[in-house]
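The values are calculated or read from the model by the stated rules, or taken from the named source; none is laboratory data. Everything numeric here is computed off the predicted structure, so don't read it as measured data. Glycine gets a Cβ as well: all are built from the backbone with ideal geometry, and neighbour counts include every protein chain shown. We work out accessible area using only protein heavy atoms, side chains counted, and drop any ligands, DNA or RNA first. Shrake-Rupley method; radii C 1.70, N 1.55, O 1.52, S 1.80 Å.
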Amino acid sequence: MGVIVYVSSVSSSTELKKHQQKITMVLDGKKIPYEVKDIASSEEAKTEMKHLAGVDAHPPQIANDNVYCGDFFGFDEAVESEELTQFLKL
């Protein structure tokens, strides 16, 4: 399966939308294949995300198959420190 980005298409938070957009833009730019799972439209995706990231986790969250990678802030830090490959466990 590979990299999975858990997002929510239903949110009034512009910050959340920007975080989700930045993740997909970076992955697209680096040509890293990924799958987006929308927790707002899939209870299964929401359950998966909470199982991997913790009950109190909020999107966006990132995993590689069934291995949790981290949230937006960990992703952003990995991009800045040029350690994205390690963060995504590729």
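Results for (1) surrounded by 14 or more Cβ atoms within 10 Å (Cβ to Cβ); (2) over 14 Å from VAL7 (Cα atoms), shown as yes or no for each residue.
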{"site": "PRO33", "(1), (2)": "no, yes"}
{"site": "GLU44", "(1), (2)": "no, no"}
{"site": "ALA63", "(1), (2)": "yes, no"}
{"site": "ASN66", "(1), (2)": "no, yes"}
{"site": "SER81", "(1), (2)": "no, yes"}
_The lone exception for GLY54 - which of (1) open to solvent by less than 80 Å² (accessible area, probe 1.4 Å); (2) within 12 Å of ILE4 (Cβ to Cβ); (3) modelled with pLDDT under 95 it fails_ = (2)
*Sort out which residues of the stretch 66-90 are aromatic (Phe, Trp, Tyr) and free of Cβ contacts under 8 Å to residues at least 12 places away in the same chain, and write them in order of number.*
PHE73
*Return the pairs, sorted by first residue and then second, in which the second residue is of a type in the set (S, T, N, Q), the first residue lies in the stretch 1-26 and is free of Cβ contacts under 8 Å to residues at least 12 places away in the same chain, the beta carbons are less than 7 Å apart, and the residues are 6+ apart or on different chains.*
LYS17/SER11
*Residue by residue through the stretch 68-79, note down the ones that are hydrophobic (A, V, I, L, M, F, W, C) and open to solvent by less than 30 Å² (accessible area, probe 1.4 Å).*
CYS69, PHE72, PHE75, ALA78
_Within the stretch 15-31, tally of residues that are open to solvent by 60 Å² or more (accessible area, probe 1.4 Å) and within 11 Å of the chain's Cα centre (by Cα)_ = 2
*Quick one: how many residues across the stretch 32-61 are among the acidic types (Asp, Glu) and within 14 Å of the chain's Cα centre (by Cα)?*
3
_Return the pair list, or none, for Cβ contacts closer than 6 Å from residues in the stretch 47-65 that are more than 14 Å from TYR34 (Cβ to Cβ) to residues that are open to solvent by 30 Å² or more (accessible area, probe 1.4 Å) and not basic (Lys, Arg), at least 6 apart or on different chains._
LEU52/TYR68; ALA53/TYR68
